[in-house]
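Input: a single structure, listed below in structure tokens.
The values are calculated or read from the model by the stated rules, or taken from the named source; none is laboratory data. Bear in mind that the values here come from a model prediction, so they are computed numbers and not experimental data. Note that we place each Cβ from the backbone using ideal geometry, even for glycine, and neighbour counts take in every protein chain shown.
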Amino acid sequence: MSTESSTPAELTEELTKERVRSHRDDVIQQGFSTSEIALIEALPASGKSYGVLQWGAETDNQMTILAPHHDLLNEYENWCAELNLSVKRLPSFHRDCESVSLDDDGEPADERTKELLGLYRQGIRGERIHQQASKLVSSNLACQHDGECPYIQKLNIDTDAYDVLLGHYLHAYQTDWTDERYVAVDEFPGDAFVQEFTGHVPPAVTAYLQQEDRLPFHDYAELLERQSEFQDEVEAWKEDVWSDYDAAHVLRNSNSSAHALAPLMTRANLEKERLDNRWQFADLGRGKVAARNTDHQWSFLLPPNFEGAESVVVLDGTPVIELWELVMGADIERIPLLDDDQKQLYLESVLGLNLVQTTDNWNAYQGGEGVSPTVDIPVVEKIAEVEGRNPGVITSKKGLNQYENHGLNSLVTQTENYGGLKGINTLGTTRVGVILGNPHPGDDVIEKWGALANISVERQEGTEGKNTDYGPFGNRAMEAEIQNKVLQAAMRFGRTEEHGEKGATVYVHTSALPEWVEAKKRFATVDSWITHKNGMKQVIETIRNFDDWKALEWKVGKVAECVTISKNSTRKHLKTLAEQGYLDKRTAGRGGAFHFSNVRLEEAQKYGHVEFAE
């Protein structure tokens with residue numbers, strides 16, 4: 001069960017960056033002194049990552065830092081140099097083995113790499129692949145032609161020789177790198193400790209059963225059908241085979257479906273219990289659990305073993321402690337840097353962040369469905385006009401593809417997607433930002449987190465958008481996956497102070513913000529002109545091509561004869577432009593024909609008319 005430590009009273013006097021960082025150091029000291037895993041909750045730009053290293057330098061304690069990607073690890077390396085700490089990057093099979101060749105998209109660049117990564121995906125670790133390369137790989141490994149592979153050399157480092165070891169979350173599985181060291185896990189690891197199997201479990205279990213004499217089943221189907229007949233044999237196997245990892249089984253198995261986690265897969269099928277939402281849950285012992293969805297896709301949560309570490313702290317700006325405890329497989333003590341009522345002040349006064357919410361719509365864009373370039377592109381264009389500079393944009397990866405096809409790149413300085421944000425600072429000096437939509441992962445992901453916690457999670461009937469209700473645990477998972485990620489994205493902008501300027505104005509085009517955030521609400525009304533069928537862009541360009549168009553009047557017919565839309569549609573667009581203040585409209589002559597003249601058509605946007613409510 002999680003516990004929580006309170007924030008000292010001294011921060012209630014005046015919230016400044018100096019006071020926050022001074023208190024940060026106290027919180028880090030408290031975290032590493034805690035017997036349980038300590039969650040240090042500190043919003044971005046509080047310097048919590050740097051503060052952890054500083055604590056190590058001041059105490060002379062050896063540390064292991066686990067982070068999501070190489071860019072953040074590069075920052076850690078730079079900080080280590082600044083603090084005069086000896087540092088070593090832990091090896092990566094994909095990065096350090098010279099026999100692995102990847103293209104720009106991270107895909108295998110040659111057949112040998114496909115072969116190596118195929119073995120790796122079967123659960124055979126990189127060290128074993130190199131040790132038995134002559135048996136496992138069809139051609140010699142180039143990395144071993146002139147001596148030992150650099151990857152293997154790095155595996156055999158003397159860890160005692162370094163103040164700091166830097167690695168990815170998955171390096172936590174090798175206890176040599178965490179035992180007797182102080183460990184910090186930077187940001188929520190999410191799915192790093194979850195292995196997903198789509199369709200691979202039945203053949204992997206069959207391959208295992210065909211070599212496992214202690215279980216009397218020939219294949220996966222027989223395991224499911226006849227396990228009740230062989231309870232004694234099953235229980236004896238469970239007591240004897242507790243390991244979740246069996247590379248030896250894969251190495252002696254000619255079946256390409258064999259997998260090192262097959263014993264765990266087998267046990268999951270023996271232990272699974274059905275939840276009310278038709279998902280299934282299996283307790284695999286030693287903190288490991290599994291869940292299966294209604295499409296028979298398995299997820300295995302395999303928390304690392306930190307029992308040998310001196311102490312463990314985890315760092316998160318917007319944590320959901322229920323998910324942290326789930327993925328770490330342990331109780332966690334939450335130590336907040338700020339009280340809830342101080343967070344808004346921190347955003348405004350310390351970070352200089354001005355949040356503007358431009359819609360009351362949910363706008364779930366992660367899967368690409370619901371993305372509306374014809375509406376959103378004019379909003380981005382208007383923001384650039386209002387702010388006097390092009391913004392940076394964060395949205396979903398699939399959304400970006402659609403926006404770019406409609407001209408987004410001409411309106412922005414930089415784009416990022418939700419999936420690539422963790423730990424980056426490339427938007428640190430961008431002073432105007434736009435968040436387009438929220439990263440809702442779909443009901444299955446929310447349900448999966450519930451199933452891994454042995455809780456049946458379902459969207460309550462009739463709820464949607466910001467009112468979606470998945471029940472208590474599901475709503476907490478939704479908060480982690482959606483609202484907190486939107487806020488984290490917004491806080492990527494302007495977090496670096498430069499030339500005395502700090503902060504950013506960030507327009508959030510979704511209603512998915514945490515409840516405690518007080519954003520200014522300036523909802524956008526949009527009249528989009530993007531589609532050719534609409535014809536508004538034709539009307540505007542036609543008028544702008546008239547001789548002396550800023551001074552003269554014209555009637556509907558003069559414009560209609562130059563465009564491809566009907567005269568009625570032309571009249572409608574001209575009247576709309578008058579209503580929006582771009583043109584003046586008057587009636588004159590027989591029949592009261594409309595005459596139009598310019599007011600400020602030169603100010604009309606390219607993609608549409610947008611008004612922000614005050």
Item to check | For V393: the one exception among (1) of a type in the set (A, V, I, L, M); (2) modelled with pLDDT under 95; (3) in a strand (DSSP E or B) | outcome: (2)
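Okay, residues lined up against (1) basic (K, R); (2) buried (at least 16 other Cβ atoms within 10 Å of the Cβ); (3) closer than 30 Å to P373 by Cα; (4) out of contact with any strand residue (DSSP E or B) (no Cβ under 6 Å at 6 or more places or on another chain):
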position: A551; (1), (2), (3), (4): no, no, no, yes
position: S566; (1), (2), (3), (4): no, no, yes, yes
position: A578; (1), (2), (3), (4): no, yes, yes, no
position: E603; (1), (2), (3), (4): no, no, yes, yes
position: V610; (1), (2), (3), (4): no, yes, yes, no
Checklist entry - Looking only at the stretch 185-205, which residues are touching a helix residue (DSSP H, G or I) at 6+ places or on another chain (Cβ under 6 Å) and buried (at least 21 other Cβ atoms within 10 Å of the Cβ)? => result D186, P189, V201, A204, V205
Checklist entry - Looking at L116, is it out of contact with any Ser or Thr (no Cβ under 8 Å at 6 or more places or on another chain) and modelled with pLDDT of 85 or more? => result no
Next on the checklist: Restricting to the stretch 469-481, and then to whatever is in contact (Cβ under 8 Å) with a residue 60 or more places away in the chain and not basic (K, R), can you tell me which residue is nearest to E187 (Cα to Cα)?
Outcome noted: A480
Checklist entry - L223: touching a residue at least 40 places away in the same chain (Cβ under 8 Å), buried (at least 18 other Cβ atoms within 10 Å of the Cβ), closer than 24 Å to R128 by Cβ and out of contact with any Pro (no Cβ under 9 Å at 6 or more places or on another chain), yes or no? => result no
Next on the checklist: Looking at G407 and the list (1) surrounded by fewer than 23 Cβ atoms within 10 Å (Cβ to Cβ); (2) free of Cβ contacts under 8 Å to residues at least 40 places away in the same chain, which single condition is not satisfied?
Outcome noted: (2)
Item to check | Total residues in the stretch 84-100, condition more than 21 Å from W177 (Cα to Cα) and surrounded by fewer than 16 Cβ atoms within 10 Å (Cβ to Cβ) | outcome: 1
Checklist entry - Of all the residues that make up the stretch 557-593, how many are of a type in the set (A, V, I, L, M), over 16 Å from N534 (Cα atoms) and modelled with pLDDT of 95 or more? => result 2
Item to check | Selected residue (criterion: surrounded by the fewest Cβ atoms within 10 Å (Cβ to Cβ)) from residues of the stretch 154-184 that are without any contact (Cβ under 8 Å) to a residue 40 or more places away in the chain and under 21 Å from V100 (Cα atoms) | outcome: N156
Next on the checklist: Being closer than 18 Å to L73 by Cα and among the hydrophobic types (A, V, I, L, M, F, W, C) is the filter here; which residues of the stretch 408-440 pass it?
Outcome noted: L421, I424, L427
Checklist outcome for this item: Scanning the stretch 574-600 for residues that are under 42 Å from the mean Cα position of the chain (by Cα) and either of a type in the set (A, V, I, L, M) or assigned to a helix (DSSP H, G or I) (or both) gives T576, L577
Checklist entry - Identify, please: which residue in the stretch 452-467 is touching a Ser or Thr at 6+ places or on another chain (Cβ under 8 Å) and in contact (Cβ under 8 Å) with a residue 40 or more places away in the chain and is, among those, nearest to Q297 (Cα to Cα)? => result L452
Next on the checklist: Restricting to the stretch 248-300, count the residues that are assigned to a loop (DSSP other than H, G, I, E, B) and either in the same structural domain as V137 (by TED's automatic domain parsing) or not aromatic (F, W, Y) (or both).
Outcome noted: 22
Item to check | Residue count, the stretch 518-541 (criterion: of a type in the set (G, A, S) and over 19 Å from E602 (Cα atoms)) | outcome: 2
Checklist outcome for this item: Counting only residues that are out of contact with any strand residue (DSSP E or B) (no Cβ under 8 Å at 6 or more places or on another chain) and closer than 23 Å to K502 by Cβ, the stretch 340-361 contains a total of 9
